[in-house]
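The values are calculated or read from the model by the stated rules, or taken from the named source; none is laboratory data. Quick caveat: nothing in here was measured; it's all calculated off a predicted structure. Here the Cβ positions follow ideal geometry from the backbone for every residue, glycine too, while neighbour counts run over all protein chains shown. Surface areas here come from the heavy atoms of the whole protein model, side chains and all, with no ligands, DNA or RNA. Shrake-Rupley method; radii C 1.70, N 1.55, O 1.52, S 1.80 Å.
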Amino acid sequence: MTAPAPRVALITGASSGIGHACATLLASHGLKVYGTARQAVSAPEGCTLLTLDVTRDDSVTQAVGEVLSREGRIDVVVNNAGYGLAGSIEDTSLDEARLQFETNFFGVMRVCKAVLPTMRLLQGGLIVNISSLGGAIGLPFQGLYSASKFALEGFTEALRQEVRPFGIHAVLIQPGDIQTRITQNRVRAQATGPGSTYQEHFEGALKVIEREEQAGIPPDAVAQQVLRLVMGRSFRVRYRVGRLSQTSSVAAKAILPSGMFEKALMSFYGL
Ligand SMILES: NC(=O)c1ccc[n+]([C@@H]2O[C@H](COP(=O)([O-])OP(=O)(O)OC[C@H]3O[C@@H](n4cnc5c(N)ncnc54)[C@H](OP(=O)(O)O)[C@@H]3O)[C@@H](O)[C@H]2O)c1
């Protein structure tokens, strides 16, 4: 009897952080993993690296086409590629905001549209969209980042209902602070800095944001959650991963009077 072919996974943003951890872990558990990055870097252990920029239609079509032509299927997609844009909403230009959405939101949509026809045909698949606790709570000076993740939350809630009849599952993971290169890769809106009315509050809040990220849990915690999903059979809408003090803030938002919750959040960010 021949062994069944390994399941095939596509993981965006596998050059670093959460995507890298997911790629390495899934490969070590027998999946055939294709990780992606915008530039040719060394592949995570046991994986094949493809170049992919999620902001470009042609790049997504080409990378997904490459996996399909080699494997004939994609069973698992982890939409992980993303970055943080920091700055007050007033200091953020529309172009900076659009680019944040092109990556964190439309990038996911592009990949979903590219993989769904084959998943439908094969009557199965798992799509894991990496959101954020910032997709459940609007974070000051990360307003556009939060907005892109809130959009991803609504998108995924809708998507999972549409694709379930075809045996496809879509889920969200909401990580709290995870120690990755998200801190170094963060883009600051150009108008932050000297001359901005918000500068003092912004710099203070950014220090808190960076401190929390650098004290965050390792990205492997998110990868372990992805692995549980890959190996599992039932799929909730969302899974939170992080320190309890952070993940419980979503419950606190639901339970506490809104003014009280907001006051606590503002005080946390020094506002
Ligand atoms: N770290 C946290 O605390 C945290 C918390 C909640 C949610 N998240 C989410 O987790 C995901 C991964 O972030 P991370 O923390 O692992 O950060 P990271 O270490 O900075 O990794 C980000 C990855 O995204 C890729 N990427 C960025 N822009 C891209 C684009 N246009 N096209 C393709 N790939 C792109 C990067 O690849 P290249 O630059 O090499 O192309 C890199 O591999 C993001 O969606 C982030 O919002 C992170």
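For region 37-46, check the following and say yes or no: at least one residue is more than 20 Å from the chain's Cα centre (by Cα), part of a loop (DSSP other than H, G, I, E, B), without any contact (Cβ under 8 Å) to a residue 24 or more places away in the chain and away from the ligand (no atom under 12 Å from the Cβ). Yes: one or more hits. Does PHE155 qualify as being at pLDDT 95 or above, under 21 Å from VAL187 (Cα atoms), surrounded by fewer than 21 Cβ atoms within 10 Å (Cβ to Cβ) and within 16 Å of the ligand (Cβ to nearest atom)? The answer is no for PHE155. For region 206-222, filtering for residues that are in contact with an Asp or Glu (Cβ under 9 Å, 6 or more places away or on another chain) and in contact (Cβ under 8 Å) with a residue 40 or more places away in the chain leaves 3.
When ASP91 is tested against (1) closer than 29 Å to ARG243 by Cβ; (2) in contact (Cβ under 8 Å) with a residue 60 or more places away in the chain; (3) open to solvent by 20 Å² or more (accessible area, probe 1.4 Å), just one condition goes unmet, and that condition is (1). Restrict the check to region 116-132 and report whether at least one residue is within 16 Å of the ligand (Cβ to nearest atom), open to solvent by 20 Å² or more (accessible area, probe 1.4 Å) and out of contact with any Cys (no Cβ under 7 Å at 6 or more places or on another chain). The answer is no; no qualifying residue exists.
Pairing residues of region 122-146 that are assigned to a helix (DSSP H, G or I) with residues that are among the acidic types (Asp, Glu) and open to solvent by 10 Å² or more (accessible area, probe 1.4 Å), at Cβ distances under 7 Å and at least 6 apart in sequence or on separate chains, gives GLY135/GLU153. When PHE202 is tested against the conditions (1) more than 28 Å from ALA37 (Cβ to Cβ); (2) in a helix (DSSP H, G or I); (3) open to solvent by 20 Å² or more (accessible area, probe 1.4 Å), the lone failure is (3).
Taking the conditions exactly as written (touching a residue at least 24 places away in the same chain (Cβ under 8 Å) and closer than 29 Å to ILE89 by Cβ), does GLU203 satisfy them or not? Spelling it out, it is not the case that GLU203 is touching a residue at least 24 places away in the same chain (Cβ under 8 Å) and closer than 29 Å to ILE89 by Cβ.
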